[in-house]
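The values are calculated or read from the model by the stated rules, or taken from the named source; none is laboratory data. What you see is a predicted model; the values in this text were computed from it and never measured. Heads up, the Cβs are rebuilt from the backbone with ideal geometry, glycines too, and the neighbour counts pull from every protein chain shown. Heavy atoms of the whole protein, side chains included, go into the accessibility calculation; ligands, DNA and RNA do not. Shrake-Rupley method; radii C 1.70, N 1.55, O 1.52, S 1.80 Å.
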Amino acid sequence: MALRICSAYRTMSTDAVLVIAGLIPVHLAAEKKRELYVKAEINDEVKKQQRQGTYQKWQEEWDTSDNRKLIHNVEDWTSRKHGDVDYYITQFLSGHGVFMDFLHRIKKIPNGNCMYCDEIDDAEHTLFCCPRWENGRSALLSKTSEIWGKVGAFMKEIIIEKVKDEKARNAEVS
Ligand SMILES: [Zn+2]
């Protein structure tokens, strides 16, 4: 199911597929169910603690995985509100795809060097470093700066408003 959600290559390891697809591993889900079963009362607080515990264990397991490439924080990634993954994005997130280093490791080609430059070609090289994609990368970064500007303006608005509120609160107290 996870393979289908993120259109992953079958060569991907289970832990990586589950993180990318955002599916809690079965052994952790089972543990969560068992813990809830023995609890006398199940309220929102219990559920919240449970969720935190599950994510903590999932993160600990992920931290020891060799597949921890572009996704570092499991909870941030799996609870994001937007951004579906598809066949192409999954290749970058997993490193399993049209990357020479990967194709070399599965013995499809004789070496892992980039087709366009002489570096070792993996997902990070392709996305962040390879000169072949420099134009697209710069275009993307210039768009990011628009968003950055908006985020900065919002931060300014928040700070100005908070300073005002803080002063008002202090005036009330004194
Ligand atoms: Zn390259």
> Given Asp63, Asp76, Asp86, which one is over 27 Å from His27 (Cβ atoms), within 20 Å of the chain's Cα centre (by Cα) and away from the ligand (no atom under 16 Å from the Cβ)?
Replying inline: Asp86
>> Looking only at region 101-147, count every residue that is farther than 19 Å from Arg68 by Cα, aliphatic (A, V, I, L, M) and within 14 Å of the ligand (Cβ to nearest atom) and tell me the total.
In response: 1
> Which pairs do you get when a residue that is touching a residue at least 60 places away in the same chain (Cβ under 8 Å), found in region 66-88, comes within reach of a residue that is open to solvent by 70 Å² or more (accessible area, probe 1.4 Å), reach meaning Cβ atoms under 8 angstrom, with the pair 6+ apart or on two chains?
Replying inline: Val85/Ile5
>> Residues that are of a type outside the set (D, E, K, R), within 24 Å of the chain's Cα centre (by Cα), in a helix (DSSP H, G or I) and surrounded by fewer than 17 Cβ atoms within 10 Å (Cβ to Cβ): does region 41-49 have at least one?
In response: yes
